[in-house]
Amino acid sequence: MDLLNTLVEKGLRRELPTREEALAVLATSDDELLDVVAAAGKVRRQWFGRRVKLNYLVNLKSGLCPEDCSYCSQRLGSKAEILKYTWLKPDEASQAAAAGVAGGAKRVCLVASGRGPTDRDVERVGRTIEAIKEQNEGVEVCACLGLLSDGQAERLRDAGADAYNHNLNTSEATYEGITKTHTYADRVDTVQKAHAAGLSACSGLIAGMGESDEDLVDVVYALRELDSDSVPVNFLIPFEGTPLAKEWNLTPQRCLRILAMVRFVCPDVEVRIAGGREVHLRSMQPLALNIANSIFLGDYLTSEGQAGQADLDMIADAGFEVEGAGTTTLPKHRADALAAAGATGGCGAKATAGCGSEASADGAGCGSHAEAGGGCGPCGGHAAPESSEAPTASEAPTAPVVPAAPAAPAANEPRPDLVAVRRRGAGTDLAPNA
């Protein structure tokens, strides 16, 4: 297939595909799907070998968010029965992080609901970062706290943060239809602040919100222009109690095409399969590892993920290996550029086209970083009884009873039975599934 050969050649050169080529990937047939995965796999192996990076979410503050993001169970007006609690103490967060590190996680992602942190919140998170790094040598820490004010990215960097996550989520053209309490430009500004402070930018998208193929290509091209080092690809979990509860638009095949398109457009970045993989990729999750080189281990913010041991078994059975703490995730040219940016406190060292591109077809460069503030994973989720404080061990509810799956689900049928409430929250003695 000439298209795929062209995309592989461009990916190995870090050259940007044309928009028409990116759209053509999304339009391929099911008969061509394995060829698409194989082509994307060649690009993935060129830059990341057969390594899989494990990331672990710690939800520092859950629920009660004043923003109105339609996809999020923590949103203003959400009726989703999610776990709600205020800030975890640094030692509680460190204990939660230790569970993920023990399971093989290389990066811990600290997430807090809300529009953005106050300076006091930044100080609190700084103490948490210090506690986690003191107890877990070599672990990376990514913060995801919403929209940043001037100087806050620098303070997080000084406290030991390695990265900052703020997702674009969808295209600029459709953003107003998803959120009205902040703008696409607000998200872009926060990623620019993280970049300028020398933090590694982590920024991704949510697929399945009713967007068009053109919207998906738009947001991925924007992420490339942002020069994000990590691109989490979330697949919408349509939680009851949110405006998008009925948006079941994805199939496993569609998810694989989206991941492949992201890999071709951003060939040398950490492409992470994030929230919704268990719900939408289902039994085809191992196939997706041929495209993406990173996943979340265990649970998400307000929904349960696949059991941590099942993730590890899946990686091994598919012929991949967990990336060790002593291994640098990014290819050398990107790692060197990030180190230079950190040393100078900005991204001025990154002068080539976005996502490490040397010969971008349209000359897209890093001068216009853009981002969105979604979390390291989707905020959606059903959950346990409401509480204003972090639940104690004695209050920890039992594991949820998930409805039995249909004996033989029809092809392309939505699987709401796979959307599980996260009842075992951080702050209890029952760590999420690692």
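The values are calculated or read from the model by the stated rules, or taken from the named source; none is laboratory data. Nothing here was measured: the structure is a model prediction, and the numbers come from that model. In this analysis, Cβ positions are derived from the backbone assuming ideal geometry, glycine residues included, and neighbour counts consider all displayed protein chains. Surface areas here come from the heavy atoms of the whole protein model, side chains and all, with no ligands, DNA or RNA. Shrake-Rupley method; radii C 1.70, N 1.55, O 1.52, S 1.80 Å.
Quick notes on this one:
- Among the residues of the range 310-344, those identified as more than 26 Å from SER200 (Cα to Cα) and more than 20 Å from the chain's Cα centre (by Cα) are ASP313, ALA316, ASP317, ALA318, GLY319.
- Condition check for GLY126: at pLDDT 95 or above, open to solvent by 10 Å² or more (accessible area, probe 1.4 Å) and farther than 26 Å from GLY77 by Cβ: no
- Checking every residue in the range 232-247 against the condition of being under 23 Å from ALA24 (Cβ atoms) and open to solvent by less than 10 Å² (accessible area, probe 1.4 Å) gives at least one match.
- The criterion of being modelled with pLDDT of 95 or more, charged (D, E, K, R) and surrounded by fewer than 21 Cβ atoms within 10 Å (Cβ to Cβ) holds for GLU214.
- Where helices (runs of 4 or more DSSP H) fall entirely within the range 1-94, those with at least 3 residues that are open to solvent by 60 Å² or more (accessible area, probe 1.4 Å) and not polar (S, T, N, Q) are at 2-13, 33-48.
- The set of residues in the range 304-324 being assigned to a loop (DSSP other than H, G, I, E, B) and either surrounded by fewer than 15 Cβ atoms within 10 Å (Cβ to Cβ) or not aliphatic (A, V, I, L, M) (or both) consists of GLU304, GLY305, GLN306, GLY319, PHE320, GLU323, GLY324.
- Any hit, the range 161-169, residues being within 19 Å of VAL111 (Cβ to Cβ), modelled with pLDDT of 95 or more, crowded, with 21+ Cβ neighbours inside 10 Å and over 16 Å from the mean Cα position of the chain (by Cα): yes
- Qualifying residue in the range 275-292 (condition: within 21 Å of ALA97 (Cα to Cα), modelled with pLDDT of 95 or more and buried (at least 22 other Cβ atoms within 10 Å of the Cβ)): no
- Some residue of the range 150-161 being in contact with a strand residue (DSSP E or B) (Cβ under 7 Å, 6 or more places away or on another chain), touching a residue at least 60 places away in the same chain (Cβ under 8 Å) and not in a helix (DSSP H, G or I): no
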